[in-house]
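Trainee: Attaching a single structure in structure tokens format; questions to follow.
Each reported figure results from applying straightforward, stated rules to the coordinates on display, with no laboratory input. None of these values were measured; they are calculated from a predicted model. Virtual Cβ from ideal backbone geometry, glycine too; neighbours counted across all protein chains shown.
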Amino acid sequence: MIAPSIREARKLPHFIKPMLAKETAKPFNDKNWIFEIKWDGYRAISEIEKGKVKLYSRNGLNFESSYPAVVQELKKIKENVVLDGEIVVLNDEGLPEFQLLQHYDSNRHRPIQYYVFDILSLNGKDTTQLPLVKRKELVKKLLKKSEVIKYSDHIEAKGVDFFKLTEKQSLEGIMAKKADSHYYIGKRTTEWLKIKHHKTQEAIIAGFTAPTGGRKYFGALVLGMMDDGKLKYVGHSGSGFNYQSLKEMYELLKPLIQDESPFDERVKTNMPVTWVQPKLVCEVKFSEITRDKKMRHPIFLHLREDKSPKEVTMTGTKPIKKAAAEKKAEEESTEEKIFTFAKNKVKTTNLTKVLFPDDGITKGDVINYYRSVAKYILPYLKGRPESLYRTPNGIKAQGFFQKDIGNTAPPYATTRLVYSESNNKEINYIVCDNEATLTYLNNLGCIELNPWHSTLKKLDYPDYLMLDIDPSDNNTFEQVIEAANAVKEILDIAGAPAYCKTSGASGLHIYVPTDKRYTYEQVKDFALIVCTMVSDLVPDFTTLERNLKKRGKDQIYMDYLQNRKGQTIASVYSLRPKPGATASCPLEWKEVKKGLSPHQFHINNMLNRIEKKGDLFKDVLGKGIDLNKCLKRLGA
């Protein structure tokens, strides 16, 4: 999670504390202010004197061994200077990514840059009392062309447009600085303001809850902030982790375990808590601060090794204030709400009921999620009978399947009688053709959506072949990834396009478009051939044995039997009733590699990902394969 070189960095005995900014909510326009990009990295002061370089964090952690490329470039500066800036590492899109910076020991092939935005002294002369714009002119003249040391440019006056532009480019936010401001060493001032696209906050890790279900290591982090010298509970976060980061965080927390709670107050959690010494600081994203100063829906982003617990205070952490009329309307609507879709009204109830206890995610949150992604998920639901899996009492209570909607469906919902051979009767299936029906199903407690592979138009002819890579408890997700890439290898030979998504639980799903050209039996037989060939490629941990008792405890089941009439599986973009409210997320094949985790994609980030990458699954409903040609290429 943090590169060892950062964790082990020694603190310098003497260092300069940088000037700090206060946070504000909205961007603004002002001719007396300038606006810079808010870089997503580590704040760093550099002191250069006679070719010798000191590079350190805001708290004096020595960065010299951590980022040698930056130090080497700084040595090329001939003047004696003290500079202020931010160290970042760029991802494949050329954007700063904090996780890559934290894992820099394994990402040294990626571009690292030190964006300099201020100067504190030049050749022995104090520059802190110069106006900011004058100081920036000195920085710009000082820095030579370099791939590592960069000048952090700015625009004047137009903060609102600049804020919108940085949002489109997926940057963290902007810095607003008064153009004539002086540099106040170690002070936080309103002459510098930070404006972020998402609400984020540092928090102190005070403990962790026990894991549930198939999750390993821990369930959620228990978080606090300092308030008048005492640690106050502000919430807990189980979202934002993958398997690897869960393990790494647990290893960091183990040496800090203690018997006593670090809080004076009694903290209520749904699972047993292991307390730790409050020494680690993390950054979380959240939706709002409640009236009792708790973070709503905090999502773990990363550790902040460059910040100390003493800095993490409740100063400025205020609940969102609402007008009296707005408060009253909100309080009246917390339990029930009527949504209108065209001419259809859908009444929803028990909106504040918590369905995900460890995450504080409510029924209302689930409904709002599906409303936000409706235009993306509905194409994969329309015209398809739906097998309902209902968890009205939350994910820790027993859920149940319901196929027959009976005569309870509302008038705006499509239903269809379909004869079931296994049940020897007709079942009245509901079909999710519109947003009103989607909200109706969510209100029934359908956290996940499970459509047929075929539509009412051609029930015997599926739109796609589907392979479920289903691990046992003893398999690692890296093995699931290896099995998925083996499937891709076989399908590439067959000339069949393949589309991968996370299951939202422990496996991966791979789809091949068939466009209603073949029967379920034909598609299933082709799936069996592919799975057999995959099992030959990775025989150590894959199997076609469905029976849990007969297959090994460390065997991944290559499930080709999903390709049968009436079988259903969680739709793409569907939430799953799992800790963290994970979502079934389509992937680019370049993402199907070590480090991938189904926990990465969830209720709080799925929409942002879709808007950024588009619908990666749309071609699953497109042109189908030529099955005979595929079989010939495989020699089957």
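Trainee: I'd like the FRET efficiency for ALA636 and GLU591, computed as 1/(1 + (r/R0)^6) with the beta carbon distance as r and R0 of 22 Å, rounded to 0.05.
Mentor: Efficiency, from the Cβ-Cβ distance: 0.15.
Trainee: Moving on. Loop only by DSSP, 16 or fewer other Cβ within 10 Å of the Cβ. Give me the chymotrypsin sites (Phe, Trp or Tyr not before Pro) in the stretch 175-222 that pass, ordered by residue number.
Mentor: Those that pass, being in a loop and sparsely packed, are TYR184.
Trainee: Assuming 0.36 nm per residue, please report the length gained on full extension of the stretch HIS198 to ASP540 beyond their Cα-Cα distance.
Mentor: 118.7 nm
Trainee: What is the distance, in nm, between label points placed 7 Å from the Cα along the Cα-to-Cβ direction at ASN242 and at ILE338?
Mentor: 4.6 nm
Trainee: Sticking with this one: If the chain between LEU607 and ARG10 were fully stretched, how many nm would it gain, using 0.36 nm times the residue separation less the Cα-Cα distance?
Mentor: Separation in residues times 0.36 nm, less the Cα-Cα distance, equals 210.8 nm.
Trainee: Which entries of LYS75/LYS136; LYS501/LYS590; LYS38/LYS164; LYS134/LYS164; LYS11/LYS145 show an alpha-carbon separation above 22 angstrom in the structure shown? List each step's numbers first, then the result.
Mentor: Details: LYS75/LYS136 20 Å; LYS501/LYS590 12 Å; LYS38/LYS164 13 Å; LYS134/LYS164 27 Å; LYS11/LYS145 31 Å.
Table pairs above 22 Å Cα-Cα are LYS134/LYS164; LYS11/LYS145.
Trainee: So, one more: Restricting to the chain, compute how many DSSP beta bridges are antiparallel as a %, nearest 5.
Mentor: Here the antiparallel bridges make up roughly 90 percent for the chain.
Trainee: May I pose another question? Where the centre of each part is set by its Cα atoms, how far does the stretch 367-412 sit from the stretch 77-106, in angstrom?
Mentor: Comparing the Cα centres of the stretch 367-412 and the stretch 77-106, I get a distance of 46 Å.
Trainee: Of GLY235, SER506, LEU491, which is farthest towards the positive pole of the chain's charge dipole, taken about the Cα centre with +1 and -1 on the beta-carbons of Lys, Arg and Asp, Glu respectively?
Mentor: GLY235
Trainee: Helix 243-253 against the longest principal axis of the chain: what's the angle in degrees, Cα atoms only, rounded to the nearest 10?
Mentor: 40 degrees
Trainee: Report the GluC sites (Glu not before Pro) located in the stretch 559-636 that are in a DSSP loop and have at most 16 other Cβ atoms inside 10 Å of their Cβ, or state none. Walk me through the numbers before you get to the answer.
Mentor: Details: sites: GLU588, GLU591, GLU611; in loops: GLU588.
In loop regions of the stretch 559-636 (DSSP not H, G, I, E or B), the sparsely surrounded GluC sites (Glu not before Pro) are GLU588.
Trainee: Exactly which GluC sites (Glu not before Pro) in the stretch 129-199 are in a DSSP loop and have at most 15 other Cβ atoms within 10 Å?
Mentor: GLU147
Trainee: Here's another thing I want to ask about it. Treat every Asp and Glu Cβ in the stretch 200-311 as -1 and every Lys and Arg Cβ as +1, leave all other atoms uncharged, and give the resulting dipole magnitude about the Cα centre to the nearest 20 debye.
Mentor: In debye, rounded to 20, the stretch 200-311 gives about 340.
Trainee: Another question about this same structure. Please give the charge dipole size of the chain, origin at the Cα centre, charges +1 on K and R Cβ atoms and -1 on D and E Cβ atoms. Round to the nearest 20 debye.
Mentor: I would put it at about 1120 debye.
Trainee: If I take R0 = 35 Å and measure r between the Cβ atoms of LYS50 and LYS187 in this structure, what FRET efficiency does the formula 1/(1 + (r/R0)^6) give, to the nearest 0.05?
Mentor: 0.75
Trainee: Is any residue of the stretch 448-478 close enough, with backbone N under 20 Å, to a label point placed 7 angstrom from the Cα of LYS549 along the Cα-Cβ axis, and if so, which?
Mentor: Answer for this model: 472-474.
Trainee: Round to a whole angstrom and tell me the spacing of the C-alpha centers of the stretch 155-191 and the stretch 248-318.
Mentor: What the calculation gives is 28 Å, centre to centre.
Trainee: Please determine, in degrees from 0 to 90 and to the nearest 10, the orientation of helix 159-168 with respect to the longest principal axis defined by the Cα atoms of the chain, where the helix direction is its Cα long axis.
Mentor: 40 degrees
Trainee: Now a separate question. A 31 angstrom limit on the alpha carbon distance is what I want to check against. Which of LYS294/LYS618; LYS78/LYS285; LYS457/LYS629; LYS31/LYS307 exceed it?
Mentor: LYS294/LYS618; LYS78/LYS285; LYS31/LYS307
Trainee: Along the charge dipole of the chain, pointing to its positive end and built from +1/-1 on Cβ of Lys, Arg, Asp and Glu, which listed residue (PRO211, GLY445, THR348) has its Cα farthest out?
Mentor: It is THR348.
Trainee: Count charges around GLU591 for me, please; just the other residues with Cβ under 15 Å from its Cβ, Lys/Arg as +1, Asp/Glu as -1.
Mentor: With Lys, Arg at +1 and Asp, Glu at -1, the neighbours total +2.
Trainee: For the Cα atoms of the chain, what angle does the longest principal axis make with the long axis of helix 132-142, in degrees from 0 to 90, nearest 10?
Mentor: 90 degrees
Trainee: Another question, then. I'd like to know which of PHE15, VAL538, PHE263 lies farthest towards the positive end of the charge dipole of the chain, counting +1 on Cβ of Lys and Arg and -1 on Cβ of Asp and Glu.
Mentor: So the residue we want is PHE15.
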